[in-house]
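**Q** Handing you this structure, nothing more for now.
The values are calculated or read from the model by the stated rules, or taken from the named source; none is laboratory data. Treat the numbers as computed from the prediction; the structure is a model and nothing was measured. Positions of Cβ are generated from backbone atoms using ideal geometry, with glycine treated the same way; all protein chains shown enter the neighbour counts.
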Amino acid sequence: MHLCTPFLVQKNKKMKRILIKNAQIINFSSTTNSDLLIKNNKIEKIGENLNENADIEIDASGKYILPGGVDPHVHFNLPTFVGNTADDFVTGSKAALFGGTTSVIDFVSPAKNESLISALQKRIEETKASLCNVNLHLSPTWWGENSAYEIERAIKEFGIKSFKVYLAYKNGVGINDDVLLKVMDIVGKNNCLVTVHAENDELIEYNRRKLIQSRKTQPKYHPISRPDDVEADAISRVITYSKYTKCDVYIVHVSSKKGIDLIENAQKNGIKIYAETCPHYLLLTDSVYNSDFETSAKYVLSPPLRKKEDNDALWNAIEKGVIQTIGTDHCSFNIKGQKDFGKNDFTKIVNGAGGVEHRFELLYTYGVMQNKISLNKLVEICCYNPAKIFGLKNKGEIKVGNDADVIIWNPNFEKTILVSNQMQNCDNNIFENFKTMGKAETIILGGKIIKF
């Protein structure tokens, strides 16, 4: 795979030579004490006691140097039945940068019967507002006589290498299994990747109808309508289809022990399958739904939050390498005017929550500091692996010749996450009152220090 350069937003073109001294450089496979020279938006030199002329010199004593984060799963400026997401490409990318993420991968979701290429071209224009690097997944939401041709054109002409399909939401962007197999067949033949939102839509709708008919309308019934069997069933089918189509697959936002166990078994049996999870599936449980609407509606996202044993299984899978990436599925909505559309019917609560701003600080605090993962593993799952899997060249690793997307991490910064101090543009936060340690103190994007 390779970086789709038409989507790469090159901001801040006036470059200065930056010398970072006394750095502890954290890569996925190494930790080194070195100085770092940035020149012309690239990492120019790494070595001890560099004596270089620089416009800016930074003493990084006691701090860590990390590659700029790559979030492989965000939804900015996404149209929905309650209006666009609260974060557009400006506010969403600002939140990403503030949290240490310098590259995001968003989505193109064509309407039914809309040309994939036309939708892709429109989305490319929207990404130009972004303040950080942007790449795109393309979602085949329907199948027509030109679909295979348009997928191949997207690959060859626009550099698209990953195609997102939804097995849920079949009244909107979701597809049936016959279409899924067609997508996997053509994508596999072109050595690209199919990413999958894996939930059994038919079972979800069956459960939802029964609950609403029984007047069980509150948000606490959202996870009951989408049990872990819903995820496991869809993942199992995708694994089988991957075996026959020879198409590599990537399961987004894995939430359950059942799901990750299936993925681990498939990996052991030679299926090329990647797994992603999100901070909320590691740190929150379904107990949050047992509250009033204003409090619980913000947690309505899909798959839903699950149990403590699911949290533990996902942490374990990260450590073992079964899960390769952490995305955020950032999809922010306001309670007022958006999520409250479903106040009397949980099935009408728009699904999604923010998170791109907090990925590093949460994983550092509740992963690294609690000895669940190492700093190197943090870099691997948040920087190196997503860049490698999705072909973002020169990203995800601090090495000479790579892009100068670099963050200086202060491990001693204390904070409480609050709506009042967040960058994301919405009236709620699913991590409200979480205490964190660590901060992306200096963010360098393409060789220039970002100012907020």
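**Q** Do you know which residues across region 362-396 are buried (at least 24 other Cβ atoms within 10 Å of the Cβ), charged (D, E, K, R) and in a helix (DSSP H, G or I)?
**A** Glu380
**Q** The conditions are (1) buried (at least 16 other Cβ atoms within 10 Å of the Cβ); (2) closer than 30 Å to Lys39 by Cβ, and Lys451 fails exactly one of them. Which is it?
**A** Tallying (1) buried (at least 16 other Cβ atoms within 10 Å of the Cβ); (2) closer than 30 Å to Lys39 by Cβ, Lys451 fails exactly one: (1).
**Q** Those residues that are free of Cβ contacts under 8 Å to residues at least 12 places away in the same chain and not in a loop (DSSP other than H, G, I, E, B), I need them from region 412-452; list them, please.
**A** Of everything in region 412-452, those that are free of Cβ contacts under 8 Å to residues at least 12 places away in the same chain and not in a loop (DSSP other than H, G, I, E, B) turn out to be Ser420, Asn421.
**Q** Out of all the residues in region 332-356, which are of a type in the set (Asp, Glu) and either outside the structural domain of Ala95 (by TED's automatic domain parsing) or in contact with a Ser or Thr (Cβ under 8 Å, 6 or more places away or on another chain) (or both)?
**A** Correct list: Asp345 only.
**Q** Provide a single number: the residues in region 42-69 that are part of a loop (DSSP other than H, G, I, E, B) and either surrounded by fewer than 18 Cβ atoms within 10 Å (Cβ to Cβ) or without any contact (Cβ under 8 Å) to a residue 60 or more places away in the chain (or both).
**A** Qualifying residue count for the region: 10.
**Q** Restricting attention to region 134-158, which residues are polar (S, T, N, Q), in a loop (DSSP other than H, G, I, E, B) and farther than 23 Å from His73 by Cα?
**A** Pass one, region 134-158, residues polar (S, T, N, Q): 135, 139, 141, 146-147.
Going one step further and asking which of them are in a loop (DSSP other than H, G, I, E, B), we end up with 139, 141, 146.
Matches in region 134-158: Asn146 only.
**Q** I've got another one for you. Can you spot a residue in region 388-411 that is closer than 19 Å to Ala95 by Cβ, touching a strand residue (DSSP E or B) at 6+ places or on another chain (Cβ under 9 Å) and without any contact (Cβ under 8 Å) to a residue 40 or more places away in the chain?
**A** no
**Q** Follow-up question, since we're still on this one. Look at Ile260 and say whether it is over 21 Å from the mean Cα position of the chain (by Cα) and more than 19 Å from Val183 (Cβ to Cβ). Reasoning before the result, please.
**A** Details: over 21 Å from the mean Cα position of the chain (by Cα): no; more than 19 Å from Val183 (Cβ to Cβ): yes.
Considered against the rule, which asks whether it is over 21 Å from the mean Cα position of the chain (by Cα) and more than 19 Å from Val183 (Cβ to Cβ), Ile260 comes out as no.
**Q** Okay, moving on. Do we have any residue at all in region 70-86 that's touching a Lys or Arg at 6+ places or on another chain (Cβ under 7 Å) and not in a helix (DSSP H, G or I)?
**A** We begin by selecting, within region 70-86, every residue touching a Lys or Arg at 6+ places or on another chain (Cβ under 7 Å); these are 70-71.
Still in the running and not in a helix (DSSP H, G or I): 70-71.
Scanning region 70-86, I find at least one residue that is touching a Lys or Arg at 6+ places or on another chain (Cβ under 7 Å) and not in a helix (DSSP H, G or I), so the answer is yes.
**Q** Please find, within region 349-361, the residue that is surrounded by the fewest Cβ atoms within 10 Å (Cβ to Cβ) out of those that are in contact with a strand residue (DSSP E or B) (Cβ under 9 Å, 6 or more places away or on another chain) and not in a helix (DSSP H, G or I).
**A** Val350
**Q** Continuing with this model, one more query. Which one is surrounded by the fewest Cβ atoms within 10 Å (Cβ to Cβ), of the residues in region 250-272 that are touching an Asp or Glu at 6+ places or on another chain (Cβ under 7 Å) and assigned to a loop (DSSP other than H, G, I, E, B)?
**A** Lys272
**Q** If you go through region 267-288 one residue at a time, do you hit one that is more than 27 Å from Ser103 (Cβ to Cβ) and touching a His at 6+ places or on another chain (Cβ under 6 Å)?
**A** There is no residue in region 267-288 that is more than 27 Å from Ser103 (Cβ to Cβ) and touching a His at 6+ places or on another chain (Cβ under 6 Å).
**Q** Return the total of residues in region 273-309 being over 22 Å from Asn433 (Cβ atoms), touching a Ser or Thr at 6+ places or on another chain (Cβ under 7 Å) and part of a helix (DSSP H, G or I).
**A** The qualifying residues number 0.
**Q** Quick one: count up the residues across region 70-113 that are under 24 Å from Ser374 (Cα atoms) and surrounded by fewer than 19 Cβ atoms within 10 Å (Cβ to Cβ).
**A** Residues meeting the conditions: 0.
**Q** Could you say whether any residue in region 280-290 is surrounded by fewer than 20 Cβ atoms within 10 Å (Cβ to Cβ) and more than 25 Å from the chain's Cα centre (by Cα)?
**A** yes
**Q** May I pose another question? Checking the conditions here, which among Ile155, Ile160, Ile124, Ile175 is surrounded by 24 or more Cβ atoms within 10 Å (Cβ to Cβ), assigned by TED's automatic domain parsing to the domain that holds Tyr364, in contact (Cβ under 8 Å) with a residue 24 or more places away in the chain and β-branched (Val, Ile, Thr)? Before you say what the answer is, go through the steps one by one.
**A** Numbers: Ile155 fails: surrounded by 24 or more Cβ atoms within 10 Å (Cβ to Cβ); Ile124 fails: surrounded by 24 or more Cβ atoms within 10 Å (Cβ to Cβ); Ile175 fails: surrounded by 24 or more Cβ atoms within 10 Å (Cβ to Cβ).
When all the criteria are applied, what remains is Ile160.
**Q** Right, here's the next one. Considering (1) assigned to a loop (DSSP other than H, G, I, E, B); (2) touching a helix residue (DSSP H, G or I) at 6+ places or on another chain (Cβ under 8 Å); (3) more than 19 Å from Ile251 (Cα to Cα), say which one Lys336 fails and leave the rest.
**A** Of everything listed in (1) assigned to a loop (DSSP other than H, G, I, E, B); (2) touching a helix residue (DSSP H, G or I) at 6+ places or on another chain (Cβ under 8 Å); (3) more than 19 Å from Ile251 (Cα to Cα), Lys336 misses just condition (2).
**Q** Quick check: is even one residue across region 105-112 assigned to a strand (DSSP E or B), more than 23 Å from Val179 (Cα to Cα), of a type outside the set (A, V, I, L, M) and at pLDDT 95 or above?
**A** No, that holds for no residue.
**Q** Exactly one of these conditions fails for Gly337: (1) in contact with an Asp or Glu (Cβ under 6 Å, 6 or more places away or on another chain); (2) at positive phi. Give me its number.
**A** Only one criterion in (1) in contact with an Asp or Glu (Cβ under 6 Å, 6 or more places away or on another chain); (2) at positive phi is unmet by Gly337, namely (1).
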